[in-house]
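J.: Can you read through this structure? Questions will come right after.
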Amino acid sequence: KQEVTQIPAALSVPEGENLVLNCSFTDSAIYNLQWFRQDPGKGLTSLLLIQSSQREQTSGRLNASLDKSSGRSTLYIAASQPGDSATYLCAVSSSARQLTFGSGTQLTVLP
Amino acid sequence: GAGVSQSPSNKVTEKGKDVELRCDPISGHTALYWYRQSLGQGLEFLIYFQGNSAPDKSGLPSDRFSAERTGGSVSTLTIQRTQQEDSAVYLCASSSLGGTEAFFGQGTRLTVV
């Protein structure tokens, strides 16, 4: 059974800092890995999707990497802003049928 | 539509009543998922629909929960005889195919009193 772990559970940084969020998964046989953002009381917003054959994806200040063999992904956020404050969720698709989610990292960027 | 639409956004119901939650996926998306997010918990898979194939119901927590998808588009999640532990946010997602990028709705917050 696939298990996804995210570290740290919470992170507080001053505005402008670069930061890294970590995600690990136990079964390396994945279709893809997706990073989401969730604001309080809201649904999930897709940030980046990395296919199993890819090593990284970039969107603006966000860069996600994938090391399938070691079961790890990182989400790098450059020049953090208060508007980046949210919970970041990592999800792995181990089959075509469902995503397995981590518990998330709650990020606070202080002005 | 432009995104995944869920209704209602909030639902308060009395214990023992039945509720129906609706999901309108992105037009053309053949895969549809339901997840549940309890307070302070991660997302729990409930059910998956792909085209005309039999749904994967392996995540449904009890036989009080059921879901259908009519015409390969709109889906309804039904919870019968609601219990207080059913209180959660119910999230729906769709993707063009199973295993591709999933897009989520804003969720339905269900409160059972």
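The values are calculated or read from the model by the stated rules, or taken from the named source; none is laboratory data. Predicted, not measured: the structure shown is a model, and the values here were computed from it. Cβ atoms come from the backbone with ideal geometry, glycine included; neighbour counts cover every protein chain shown. Please note that ligands, DNA and RNA were not included when accessible areas were found on the heavy atoms of the full protein model with its side chains. Shrake-Rupley method; radii C 1.70, N 1.55, O 1.52, S 1.80 Å.
J.: Does A:Q34 meet the test of being open to solvent by less than 30 Å² (accessible area, probe 1.4 Å), under 25 Å from B:A88 (Cβ atoms), within 12 Å of the chain's Cα centre (by Cα) and within 14 Å of chain B (Cβ to nearest Cβ)?
T.: Here the answer is yes, as A:Q34 does meet what is asked.
J.: Looking only at segment A:8-26, filter to residues that are part of a loop (DSSP other than H, G, I, E, B) and open to solvent by less than 70 Å² (accessible area, probe 1.4 Å); which one of those is farthest from A:V109 (Cα to Cα)?
T.: A:P8
J.: For residues that are under 28 Å from A:G16 (Cβ atoms) and within 12 Å of chain B (Cβ to nearest Cβ), scanning just segment A:60-104, find the one that is surrounded by the fewest Cβ atoms within 10 Å (Cβ to Cβ).
T.: Checking each candidate, the answer is A:S103.
J.: Right, B:T111: more than 11 Å from every other protein chain (Cβ to nearest Cβ) and either among the charged types (D, E, K, R) or open to solvent by less than 50 Å² (accessible area, probe 1.4 Å) (or both) or not?
T.: On the way: more than 11 Å from every other protein chain (Cβ to nearest Cβ): yes; either among the charged types (D, E, K, R) or open to solvent by less than 50 Å² (accessible area, probe 1.4 Å) (or both): no.
Considered against the rule, which asks whether it is more than 11 Å from every other protein chain (Cβ to nearest Cβ) and either among the charged types (D, E, K, R) or open to solvent by less than 50 Å² (accessible area, probe 1.4 Å) (or both), B:T111 comes out as no.
J.: If a residue must be open to solvent by 10 Å² or more (accessible area, probe 1.4 Å), farther than 17 Å from B:P61 by Cβ and of a type in the set (A, V, I, L, M), how many such residues does segment B:75-102 contain?
T.: 1
J.: Of the numbered conditions (1) facing another protein chain (nearest Cβ under 9 Å); (2) in contact (Cβ under 8 Å) with a residue 40 or more places away in the chain, A:T45 fails exactly one; give the number of that condition.
T.: (2)
J.: Still on this structure, please answer the following. For chain B, give me every one of the strands (runs of 3 or more DSSP E) that falls completely inside it and has 1 or more residues that are of a type outside the set (D, E, K, R), farther than 20 Å from A:S93 by Cβ and at pLDDT 95 or above.
T.: B:5-7, B:10-13, B:19-24, B:65-69, B:75-79, B:88-95, B:108-112
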